Structures are given as C-alpha cells and as structure tokens.
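Reviewing the structure listed below.
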Amino acid sequence: MSFRLRTDAEKWFSEIEGELDLKFDIYYFCLIAGFAAVRKSSLTSADKPAFVDDFPGDYKLQQNLLLGGLIDAELRDLLGRGVTVKDKPVVQKSVSRLLTAAGASTHLSGGTDGGAARMNEYASGGFDVLFERMIDKPRKLETFLRAYAKLIGELEDERAEAEAALAAV
Amino acid sequence: MTQVRLLGWKAAGLRCPDHEISLARTDGRPHHVSLVQMPNGTGKTTTLELLRAAFSGPGAWVDPDAVTEFAPRGSVGGRGAFEVRLLVDDRRFTIEMGLDFENRRAEFRTTWTSSVPRFQRPPSLLRVLTPEFAPFFVFDGELAHALLDPRKTRAREALEVQFQLSSLNQFRKLMDRYWDDKTRNSTTKGDKGLTQRRNKLNELSQRRDRLTVEKAELTKRLAVQKAKRDKLEAEYKAHFDQDSQAQEERKRLDEELKRASGNLGTLLANALTDARKPQNLSPRFTAGLQALRDNLDKLKLPESAAKEFFDELAHDTHCVCGEEMTDDRRGAILARRDSYLGKEDMGVLNAIKGAIKDTAGDQPSSYREAFDKQLARLRDAVRERDLVQGELDALEKRRLEGGDAELSAMKARLEELNGALAKDAARLATIDADDDSGHGEDTESLKALAKKIKRAGDLVAEATETRDIRLKTTILKKLITGAVAEATNRIAKQLVDATNARLESILTRSPLRVADVRDSVVLDGQSRGSPGQTLALGYAFLLGLFDAGQVSLPFIVDSPTGALDKNVRREIAELLPSISQQLVAFTTSSEYEQFVPVLDRAARGDVQYLTMFRLNDATQPLLAGVEPDAVRLSANGVLITSKSFFEGFDSEAYGEKPTTRAA
Amino acid sequence: MTRVNENVVAALKAAATDAGQPKEVAQRLVSWLDALATGNADLADVSEAANRIGDLLDQVKLPVTDLDLEALLGDEA
C-alpha cells in the first residue's frame with residue numbers, strides 16, 4: 001500500500017491540477033496541512049486505491065524529511081511535547097512500526113497500522129483542514145500558493161497558542 | 001537371437017555354505033536340466049537371491065542393509081564373494097560380486113572382452129541383466145501363477161521392461177519435472193494468468209491507439225484553430241488600430257503584459273519548486289524535525305546493537321550471563337529484540353537524521369522567511385500583470401463602448417476561440433506528459449503508456465512461453481500414452497501368436513490357446529487347462545517374451561512344482577524340458593516323487609543331479625557310502641554329484657529349522 | 001539399426017502422425033530409447049534428460065487454432 005488521496009480532495013483541487021505536473025503535489029499540500037494542524041482522519045473504501053507507489057519527482061529528495069515529519073507527528077501524538085530517556089522503548093517501537101527497510105521503496109511499512117496508512121491519514125486530515133479554512137476551492141496556482149502558505153502559518157500559530165495555554169495550566 | 005547359458009557359480013563367505021557348482025557337461029556345454037537339491041536352511045533361497053542380484057547389477061543394491069543380510073550368521077564384518085559364469089553366444093561372460101559387510105557395499109567386476117571393475121554387460125544383455133528383468137528368469141513357481149492371475153499385472157510389467165515401455169512412461173514423468181523446473185520462477189502458470197495479461201496488454205494498446213488518434217486530431221485542430229485565432233486576432237487588432245492612438249497604446253500594453261506574464265511564470269515555477277520542500281512551508285515542521293533528531297541522539301538511536309544481535313544471543317546454548325539458556329531466558333531476550341531495529345532499519349533512521357541535518361539544520365524560521373520573500377515577489381508579479389491586464393481591458397472597453405459592434409463581435413469570437421484552444425492545449429499536454437502524473441495504470445500519457453505496454457508485453461511473453469512448454473509437454477505426454485497403448489497391442493498380438501504356436505508344439509494332445517497377454521496371460525474363452533498346462537502356459541509366455549527380445553535365457557527356478565499335487569507334477573515334468581533350452585531347478589526331496597524320474601525321461605537323460613548340504617556331525621556319516629570322486633568338500637559344505645545319492649537323499653531329515661526369510 | 005523393438009518404433013511413428021506432429025518427434029523418442037538400450041543414456045541424469053526434452057519440445061508443433069488448444073487443455077484437465 002502506498003499513497004492514497006481522498007476522492008473529494010482530488011475534486012477540490014481539480015481546477016489547478018492542470019498547473020501541477022505531479023498529482024502528488026495535491027497529496028503533499030494536504031499532508032503538510034495535516035502535520036501543521038496535527039489532524040488525522042480515516043479514508044474509506046469509497047476513496048480510490050493508491051495513485052502512486054513511491055515519492056515521485058522532486059519529492060524523492062524530500063522523502064527522508066517527510067518520513068521524519070511522520071515520526072515526529074506520531075511521537076507527539078503518543079508522548080506530548082518532550083521526549084525523555086525513559087521513552088526510548090516507545091520511540092523504538094514507533095519507528096519500527098512506521099518504517100521498513102526491506103519493504104516498499106518509500107520505506108513506509110504497509111498494513112493497517114503501518115507508516116503508509118498513517119501518512120495517508122494525515123493527508124486526509126489535512127484536506128479536512130484546507131476544506132474548512134479556505135473560503136473557496138483553488139482556481140489558480142499563483143493565488144493558491146500564497147493563500148496556502150498563509151494558512152500553514154496560521155495553523156502553526158494556533159498550535160503554538162494551544163500548547164502555551166496547555167503549559168500554563 | 002543371443003543365446004545365454006549358465007555355466008555355474010561359486011560362493012564363499014556368505015550365508016550359504018561355500019560351494020562351487022558347475023553345470024557343464026564334459027563337452028563344456030551345460031546340461032539341458034540341472035537339479036540342485038538342498039535341504040531347508042542350507043541357503044537355497046540365499047543362493048537364488050545371489051543369482052538374481054548378480055544378474056541385476058548394482059541397481060539392486062540401493063539399500064545398504066540388504067548387503068548385511070547375506071553375511072554368514074553370527075559373523076561381524078568381513079567379505080563375501082559370489083561369481084557367476086555364463087556363456088553368451090559361445091563366449092564366456094563372468095560376473096563377480098563382492099559384498100563388503102563392514103562398509104555395507106556391493107562391488108562388481110565383469111569379464112567379457114576384458115576384465116573391468118564395474119557391471120559392464122555385453123550390449124545384447126543390457127535390457128535383460130537389470131533389477132527389473134532378472135526376476136523373470138530367476139524365479140520361483142509362484143511367478144508362472146502370478147502371470148496368469150487376472151488380479152496381478154506381472155505380464156504387463158514383463159512387457160514394459162522388455163520392450164522399454166517403462167522407459168517411455170518414465171519420459172512422461174521427466175517431462176512433468178522439466179515443466180516444473182522451467183516454470184519454478186515463473187510468475188504465472190495457468191492459462192488464466194495469460195488471458196489476464198493479454199487482456200491487460202490489449203487494453204493498454206487500444207488506449208495507446210485511441211490516444212495516438214486523438215493526439216493527431218488535437219494537433220491538427222490546434223494548428224487550424226491557432227491559425228484561425230491568429231487571423232482573427234490580427235483582424236481584431238487591425239480593426240482596433242483604426243484608432244491610431246489606441247493602436248499605439250495597445251501595442252505598448254501588449255508588450256508589457258507579455259513581459260509581466262513571463263516574469264510571473266518564472267516566479268511561480270520557482271515558488272512551486274520551493275513549496276515542495278516542507279521546511280520552506282512550516283517552521284514548526286522544521287523545528288519538530290530538529291527536535292526529533294536531537295531526541296534520537298539523546299536516546300542514542302539507532303542503537304549500535306541491532307535486532308539480529310539478539311537473535312544470535314537467544315539461539316546460543318548459553319546465556320550471556322554464563323548460565324544455561326532456558327526457554328524463559330530465551331523468551332526474555334526475544335521480547336527485548338522486538339523493540340530493537342534491524343540492521344537495515346537502522347540505516348533508514350540514520351538517513352533520516354542525516355537529511356534533517358543537511359537540508360533542514362538551520363534556524364527553523366529561516367527557510368520560511370526566505371520562502372515568504374519569494375511569495376512576496378510572486379505577489380508583486382501577479383499585481384503587475386493584473387495592472388497591465390487591467391489597463392488593456394480598460395482600453396478595450398473604451399473602444400468597445402465607442403459603439404463598435406463589429407469589434408465587440410470579434411472580441412467575443414476571439415475569446416471563444418481562445419477558450420477552445422486552451423482546452424485542447426491542456427488535453428494535448430496530458431497526452432504528451434513525460435510520466436503518468438500519478439495516474440498509474442490509468443495514465444493518458446503516451447510516453448508512460450509505452451513503458452507500461454513494454455512491461456505488459458514482457459509479461460505476456462513470459463506467460464506465453466510458460467504456456468507453450470505446458471502445451472508441448474502435454475502433447476508429447478499424450479503422444480507417448482498413445483504410443484505405449486499401441487505398442488502394447490502390437491506386441492501383445494505377436495506374443496499371443498508366438499505363445500500359441502509354442503503351446504501347440506508342447507501340448508500336442510490338448511493345446512491351450514491364449515487370448516491376451518496385456519495385463520495378465522488370459523486364456524482363450526474355449527480353453528480350459530489343467531494346473532500343469534496352465535503353468536506351462538506361463539513358461540511359454542516368458543519364452544515368447546525372451547524371443548521377442550532376441551535373447552534365449554535359461555530358466556532358473558526355485559521349487560518348480562511347489563505345492564502342486566503329484567499328478568500335476570508329472571505333467572509339468574513332462575513339459576518343462578521341451579519349454580526351455582536350459583533349466584536349473586532348486587528342489588527339495590519332497591518334490592522328487594512323480595517329478596524327477598519323469599523329468600529325466602523327458603530330457604532324455606541329459607539331467608544333472610546335484611545335492612548340497614551343510615557339513616556337520618549329523619551329515620558327516622552320509623559321506624561314507626558315496627564314491628569319492630562324486631564328493632566336493634568345502635570348509636562348511638558338501639556337494640555330491642551323484643544321481644543315486646540324489647535319489648536316496650531325504651532333505652527333510654537333514655534340514656535345519658525353516659528360515660523366516662521370504663522367497 | 002536400432003535396438004528398439006520394431007513394434008515400439010511403429011507405435012511411436014503412428015502416434016506422432018495421429019497427433020499431427022512431425023516425424024522428428026518420433027525419431028527423437030526412438031533415439032532416446034536406443035541410447036538407453038545401448039547404455040548411452042541414463043534416466044537418472046536429470047540434465048541430460050532436460051536437454052533431450054528441450055530438443056524434443058523444439059520439434060513439437062502447437063495447434064494453430066484456439067479451439068484445438070482448448071480441446072488439448074480440456075483433455076488435460
């Protein structure tokens with residue numbers, strides 16, 4: 001199993017798809033939004049099967065950072081902000097659950113609990129965020145890029161505020 | 001026809017008494033009939049088995065335990081030797097078989113043209129001196145019955161061996177094996193796989209053909225439409241430029257727009273490239289990566305020890321603590337192992353850490369700040385273009401508002417044309433794309449399709465080759481099955497005729513007729529033979545079989561009349577000499593009555609009488625009355641070559657307890 | 001002169017003809033049997049057998065129509 005995109009996400013991006021030479025761009029925009037908002041949601045059987053098996057084009061160069069981002073997001077989910085020495089077994093277990101050297105060329109493990117499924121969930125959660133927060137579906141890449149970057153910034157600020165509030169309690 | 005005669009044999013150091021038997025008359029030719037009388041326990045069965053083994057060659061000795069069964073009782077180690085002398089078309093052929101009881105090995109030496117340390121047979125005997133065929137000329141009384149027994153298929157077995165039909169059947173098995181070997185690594189074996197692959201290839205090829213046609217149409221239409229658009233645009237501009245002030249203004253703005261759009265395009269492409277680097281979008285993401293890397297360092301991950309290390313520990317005989325390895329300890333080690341990474345997984349984690357350091361190691365906000373500057377330039381470029389476009393639109397509007405209906409109509413048509421052109425151009429771009437743009441098998445890129453068609457073609461070729469091998473082996477196997485059946489019918493017919501002809505000359509008073517010999521020897525519906533005749537029939541069939549194989553063999557039979565009653569014995573005794581050219585029969589004294597004297601007459605006196613027994617306190621006195629030149633003594637046995645001794649010998653009286661070994 | 005019984009030779013030739021196969025198929029089967037009879041081949045030698053079978057398969061003609069193919073495979077099943 002590799003990268004799956006929600007059917008509604010594909011539709012939402014349809015007007016700028018022609019300006020993007022990789023379908024993975026859409027997945028990536030969703031994924032980074034999911035990471036920034038720390039949002040995951042499940043895909044359903046109504047969504048299409050994997051559209052690509054490996055990080056395509058320029059994204060192959062970003063593979064390790066995106067894998068790192070997934071581990072980071074998952075560890076935060078499990079442990080909260082800090083990681084201490086006693087968390088070592090949790091970290092090891094998470095890493096070996098998410099990654100595989102022997103399997104896919106993405107190094108993401110398969111299965112319902114594997115890294116590929118987890119990453120797809122972040123991309124799906126990220127699309128939910130985009131859909132909620134952007135006023136209209138993207139019409140032109142030149143405007144979308146700026147609006148998207150702005151939204152990521154806002155999401156990060158909100159996270160920082162939420163974490164600060166939590167720390168103050 | 002190759003004539004094979006048995007001249008004699010010699011045994012030493014084996015389970016039977018040491019002995020040497022010559023079946024030759026003074027003229028060097030063997031007797032027509034040789035009778036070897038041996039009490040039970042003297043090694044009658046052993047001797048017969050040794051003869052069969054010597055005729056079978058090394059192929060009969062696959063089980064090393066079988067060798068030790070021929071060792072003298074109570075002995076350990078040592079060697080035994082058995083030698084058979086044959087006459088093959090008047091030339092001597094010797095088979096020496098050495099049994100090494102210590103190493104449980106049988107060794108052969110044969111002498112034909114020269115002496116060689118292996119089982120080298122005269123070419124004419126290659127098919128006869130085999131483990132499969134030897135039982136058909138070294139046999140017991142049961143064989144003849146078995147040949148006639150409709151529940152058994154001994155006749156078929158004999159036929160298959162003698163006429164290589166068993167080899168043909170073996171070819172079929174080898175073909176199955178060949179297919180298995182050839183297709184072991186094949187990804188598909190069934191016809192279904194081939195059909196699926198063909199369908200896939202067809203589907204892809206059809207799509208390619210459809211897209212190729214579409215591309216040609218698009219290209220053509222684009223050229224025509226573009227020309228139309230350019231013409232219309234020129235006309236529009238010409239019309240527009242009828243106002244000379246507007247003309248100059250439009251020219252300036254057109255150039256401005258071209259420049260601004262070009263600038264925007266470059267900036268947008270750069271921005272998209274940079275947006276694909278997550279560190280440019282999200283400082284928190286970058287900070288998170290750096291924290292992850294620090295934490296991994298803090299936790300000393302990946303470990304220097306890998307999962308594999310614990311596997312080794314767990315499978316040691318002793319625990320690292322020095323204590324013996326127990327299931328509990330092993331369980332504990334293996335449980336810990338699961339929280340460690342394998343060697344290769346450690347490599348992945350190290351690569352991630354390296355990438356964070358190399359490409360996202362600076363101040364987290366610095367990447368986004370640089371990207372924001374780029375986005376600002378993009379924003380400015382968009383504004384600039386929009387501004388120029390706005391001026392152009394305003395100019396146009398002014399001209400159109402001037403009430404020039406024709407110009408308005410031209411403008412509308414131009415826009416419509418441009419819209420259609422953009423749609424066609426986008427479609428053409430999809431078809432001309434370099435990769436599948438993530439659409440996988442559903443791609444509409446001709447280049448990506450070409451690659452997929454090549455791959456699909458390879459898969460079809462592989463499946464086709466696999467299928468062809470299967471079809472061809474199937475054809476061959478069917479052909480062989482048919483040939484075996486046909487050959488069996490032809491051979492059977494010949495054998496039936498030959499057997500009937502022979503029976504006619506043997507059973508002159510009431511000849512039997514054979515109807516079929518394919519599975520077992522089947523009598524003609526009209527015929528009903530006595531038990532003796534029936535036995536003769538079995539022998540006649542075997543002789544026919546030997547004849548068809550162009551070889552005349554001796555019959556070496558254990559207890560030829562077996563448990564038959566006296567009348568039948570008489571009948572067989574009369575028949576046997578006329579059936580075979582050389583008969584060597586192992587008998588006990590219980591078979592004497594109604595058999596030996598009759599046989600002697602039937603063989604016109606060319607009968608050799610041999611009596612063999614173990615030499616011990618009980619048998620010693622027997623030697624007293626025998627003429628000395630009829631006695632051959634060995635270390636543990638005696639052979640008496642006297643007819644009168646043979647007649648008077650009561651083997652039951654000197655037999656040892658019956659052995660349990662099967663005949 | 002072959003050591004293979006003339007009935008076996010005739011049966012193989014007839015079977016090849018019946019199966020629409022070239023006479024080379026029967027010839028090769030006969031030479032294999034002949035090699036076995038003269039001690040020049042050994043059925044236990046797997047690679048030698050594979051060579052002979054490979055050579056045999058090259059001589060075998062496949063049916064031209066799909067219908068014939070299906071009949072062949074149907075029989076096998």
Contact list, first residue from the stretch C:23-44 and in contact (Cβ under 8 Å) with a residue 12 or more places away in the chain, second anywhere and surrounded by fewer than 17 Cβ atoms within 10 Å (Cβ to Cβ) and not aliphatic (A, V, I, L, M), beta-carbon distance below 7 Å, six or more apart or interchain, is C:28/C:55; C:30/C:2; C:34/C:2; C:38/B:123
Examine the stretch B:365-388 for a residue that is touching a residue at least 24 places away in the same chain (Cβ under 8 Å), closer than 30 Å to residue A:96 by Cβ, open to solvent by less than 30 Å² (accessible area, probe 1.4 Å) and more than 10 Å from chain A (Cβ to nearest Cβ), and state whether such a residue exists. no
Please find, within the stretch B:340-364, the residue that is most open to solvent (accessible area, probe 1.4 Å) out of those that are within 16 Å of residue B:281 (Cα to Cα) and touching a Ser or Thr at 6+ places or on another chain (Cβ under 6 Å). B:364
Return yes when residue A:92 is of a type outside the set (Gly, Ala, Ser), farther than 30 Å from residue A:167 by Cβ, open to solvent by less than 30 Å² (accessible area, probe 1.4 Å) and in a helix (DSSP H, G or I) and no when it is not. no
Residue, farthest from the other protein chains (Cβ to nearest Cβ), within the stretch B:135-163, restricted to residues that are open to solvent by 10 Å² or more (accessible area, probe 1.4 Å) and in a loop (DSSP other than H, G, I, E, B): B:151
Within the stretch A:134-155, residues being acidic (Asp, Glu), within 13 Å of chain B (Cβ to nearest Cβ) and surrounded by fewer than 20 Cβ atoms within 10 Å (Cβ to Cβ) number 1
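For every residue, the table says whether it meets (1) more than 30 Å from residue B:39 (Cβ to Cβ); (2) aliphatic (A, V, I, L, M); (3) modelled with pLDDT under 80.
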{"site": "B:487", "(1), (2), (3)": "yes, yes, no"}
{"site": "B:505", "(1), (2), (3)": "yes, no, yes"}
{"site": "B:527", "(1), (2), (3)": "yes, no, yes"}
{"site": "B:542", "(1), (2), (3)": "no, yes, no"}
Which one is farthest from the other protein chains (Cβ to nearest Cβ), of the residues in the stretch B:329-362 that are modelled with pLDDT of 80 or more and part of a loop (DSSP other than H, G, I, E, B)? B:362
Check the stretch A:63-77 and report whether any residue there is under 28 Å from residue B:444 (Cα atoms) and not in a loop (DSSP other than H, G, I, E, B). yes
Whether any residue in the stretch B:561-570 is outside any loop (DSSP other than H, G, I, E, B), at pLDDT below 80 and either within 22 Å of residue B:24 (Cα to Cα) or not aliphatic (A, V, I, L, M) (or both) is what I want to check. yes
Can you name every residue in the stretch B:245-267 that is more than 9 Å from chain A (Cβ to nearest Cβ) and either touching a residue at least 24 places away in the same chain (Cβ under 8 Å) or hydroxyl-bearing (Ser, Thr, Tyr) (or both)? B:246, B:249, B:250, B:253, B:254, B:256, B:257, B:260, B:261, B:263, B:266
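Name the single residue that is nearest to residue B:490 (Cα to Cα) among those in the stretch C:3-18 being at the interface with chain B (Cβ under 7 Å from one of its Cβ atoms) and over 11 Å from the mean Cα position of the chain (by Cα). First the steps, then the outcome.
In the first step, residues of the stretch C:3-18 are kept if they are at the interface with chain B (Cβ under 7 Å from one of its Cβ atoms); the result is C:4-5, C:7-8, C:10-12, C:14-16, C:18.
Subsequent filtering for residues that are over 11 Å from the mean Cα position of the chain (by Cα) retains C:4-5, C:7-8, C:10-11, C:14, C:18.
Values: C:4: 14, C:5: 11, C:7: 6, C:8: 8, C:10: 9, C:11: 8, C:14: 12, C:18: 16 Å.
Selected residue: C:7.
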Residue B:52, sole failed condition from (1) under 17 Å from residue B:636 (Cα atoms); (2) open to solvent by 10 Å² or more (accessible area, probe 1.4 Å); (3) at pLDDT 85 or above: (1)
Hits in the stretch B:69-91 - residues which are β-branched (Val, Ile, Thr) and surrounded by 13 or more Cβ atoms within 10 Å (Cβ to Cβ): B:84, B:88
So which pairs qualify, if the first residue must be in the stretch B:219-238 and touching a residue at least 40 places away in the same chain (Cβ under 8 Å) and open to solvent by less than 60 Å² (accessible area, probe 1.4 Å), the second must be acidic (Asp, Glu) and in a helix (DSSP H, G or I), the Cβ gap must be under 8 Å, and the two must be at least 6 apart or on different chains? B:222/B:424; B:225/B:424
Out of A:13, A:35, A:24, sole residue that is more than 8 Å from every other protein chain (Cβ to nearest Cβ), crowded, with 18+ Cβ neighbours inside 10 Å and hydrophobic (A, V, I, L, M, F, W, C): A:13
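Anything in the stretch C:34-65 that is on the phi < 0 side of the Ramachandran plot, part of a loop (DSSP other than H, G, I, E, B) and not polar (S, T, N, Q)? List them, or say none.
Filtering the stretch C:34-65 down to residues on the phi < 0 side of the Ramachandran plot leaves C:34-38, C:40-65.
Those still in the list that are part of a loop (DSSP other than H, G, I, E, B) too: C:38, C:40-45, C:60-65.
If the condition is that a residue be on the phi < 0 side of the Ramachandran plot, part of a loop (DSSP other than H, G, I, E, B) and not polar (S, T, N, Q), then C:41, C:42, C:43, C:44, C:45, C:60, C:61, C:62, C:63, C:64 are the ones that fit.
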Here are some residues: B:450, B:394. Which one is within 30 Å of residue B:232 (Cα to Cα), surrounded by fewer than 19 Cβ atoms within 10 Å (Cβ to Cβ) and more than 14 Å from every other protein chain (Cβ to nearest Cβ)? B:394
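For the stretch C:35-52, state whether one or more residues are more than 20 Å from residue B:179 (Cα to Cα), within 8 Å of chain B (Cβ to nearest Cβ) and either modelled with pLDDT of 85 or more or crowded, with 17+ Cβ neighbours inside 10 Å (or both). Talk me through it step by step, then tell me what you get.
Going through the stretch C:35-52, the residues more than 20 Å from residue B:179 (Cα to Cα) turn out to be C:35-41.
Within this subset, residues satisfying the condition of being within 8 Å of chain B (Cβ to nearest Cβ) are C:36-39.
Within this subset, residues satisfying the condition of being either modelled with pLDDT of 85 or more or crowded, with 17+ Cβ neighbours inside 10 Å (or both) are C:36-37.
Looking for residues that are more than 20 Å from residue B:179 (Cα to Cα), within 8 Å of chain B (Cβ to nearest Cβ) and either modelled with pLDDT of 85 or more or crowded, with 17+ Cβ neighbours inside 10 Å (or both), one finds at least one in the stretch C:35-52, hence yes.
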Taking first residues from the stretch B:66-89 that are within 20 Å of residue B:115 (Cβ to Cβ) and assigned to a strand (DSSP E or B) and second residues anywhere that are open to solvent by 50 Å² or more (accessible area, probe 1.4 Å) and aromatic (Phe, Trp, Tyr), the pairs with Cβ under 8 Å that are 6 or more apart or on different chains are B:88/B:112
I'd like to check something: does the stretch B:268-285 contain any residue that is buried (at least 17 other Cβ atoms within 10 Å of the Cβ), within 54 Å of the chain's Cα centre (by Cα), more than 7 Å from chain A (Cβ to nearest Cβ) and not acidic (Asp, Glu)? no
Scan the stretch A:41-62 residue by residue and report those that are of a type outside the set (A, V, I, L, M, F, W, C), assigned to a loop (DSSP other than H, G, I, E, B) and surrounded by fewer than 20 Cβ atoms within 10 Å (Cβ to Cβ). A:41, A:42, A:44, A:45, A:47, A:48, A:49, A:53, A:54, A:57, A:58
Hey, residue B:654 under 24 Å from residue B:12 (Cα atoms) and at pLDDT below 85 or not: yes
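Among the candidates A:131, A:127, single out the residue that is of a type in the set (A, V, I, L, M, F, W, C), within 18 Å of the chain's Cα centre (by Cα), over 24 Å from residue B:335 (Cβ atoms) and surrounded by fewer than 17 Cβ atoms within 10 Å (Cβ to Cβ). Spell out the reasoning first.
Working: A:127 fails: surrounded by fewer than 17 Cβ atoms within 10 Å (Cβ to Cβ).
Just one listed residue meets the conditions, A:131.
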Being over 30 Å from residue B:422 (Cβ atoms), surrounded by 15 or more Cβ atoms within 10 Å (Cβ to Cβ) and of a type outside the set (A, V, I, L, M, F, W, C) narrows it down to one of B:192, B:215, B:182, so name that one. B:182
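For the stretch A:97-122, what are the residues that are assigned to a helix (DSSP H, G or I) and free of Cβ contacts under 8 Å to residues at least 24 places away in the same chain? Walk me through it before giving the result.
Going residue by residue through the stretch A:97-122, those that are assigned to a helix (DSSP H, G or I) are A:97-98, A:115-122.
Answer for the stretch A:97-122, where residues must be assigned to a helix (DSSP H, G or I) and free of Cβ contacts under 8 Å to residues at least 24 places away in the same chain: just A:97.
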Go through (1) more than 30 Å from residue B:390 (Cβ to Cβ); (2) in contact (Cβ under 8 Å) with a residue 60 or more places away in the chain and name the single condition residue B:300 misses. (2)
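The values are calculated or read from the model by the stated rules, or taken from the named source; none is laboratory data. None of these values were measured; they are calculated from a predicted model. Using ideal geometry, Cβ is built from the backbone for each residue, glycine included, and neighbour counts are taken over all protein chains shown. The area values use the complete protein model at the heavy-atom level, side chains included, leaving out ligands, DNA and RNA. Shrake-Rupley method; radii C 1.70, N 1.55, O 1.52, S 1.80 Å.
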